[in-house]
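The values are calculated or read from the model by the stated rules, or taken from the named source; none is laboratory data. It should be emphasised that the depicted structure is a prediction, and the values quoted were computed from it without experimental measurement. Here the Cβ positions follow ideal geometry from the backbone for every residue, glycine too, while neighbour counts run over all protein chains shown. In case anyone asks, the SASA skips ligands and DNA or RNA and just uses the protein heavy atoms, side chains included. Shrake-Rupley method; radii C 1.70, N 1.55, O 1.52, S 1.80 Å.
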Amino acid sequence: MRRLLIILGLLFLAMGVLWPWLAKLPLGRLPGDLVVEREHFRLDFPLTTMLIVSAVITLLLWLFRR
């Protein structure tokens, strides 16, 4: 459990440091990401982005466990 928390902390730290460059990636604005805009309401549902991030995380975890 300690190792997991340390790794998560390091990942959050890396994301915070790299945020200016990560914000320029088109994640959340890919084809297949749903956006519903109404008056005084906006719903973003990044379906494609969630699938890509899930696949990458699954691949990384699979590689690290080998």
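Odds and ends about this structure:
- The C-alpha atoms of the chain occupy a region whose extents along the principal axes are 47, 25, 23 Å, arranged from largest to smallest.
- Solvent exposure of Arg42, expressed as accessible area, is near 140 Å², computed with a probe of 1.4 Å over the protein chains only.
- Nearest-ten-degree value, helix 47-65 long axis tilted from longest Cα axis of the chain: 10 degrees
- Farthest toward positive dipole pole in the chain [+1 Lys/Arg, -1 Asp/Glu at C-beta], among Leu61, Leu34, Pro46: Leu61
- Accessible area of the chain divided out per residue, in Å², using a probe of 1.4 angstrom: 98 Å²
- The apolar share of the surface of the chain, taken as the fraction of accessible area on carbon and sulfur atoms (1.4 Å probe, ligands and nucleic acids excluded), comes to 73 percent.
- By accessible area with a 1.4 Å probe, ligands and nucleic acids excluded, highest first: order of Thr58, Thr49: Thr58, Thr49
- Rounded to the nearest 10 degrees, the inclination of helix 2-17 to the longest alpha-carbon principal axis of the chain is 50 degrees.
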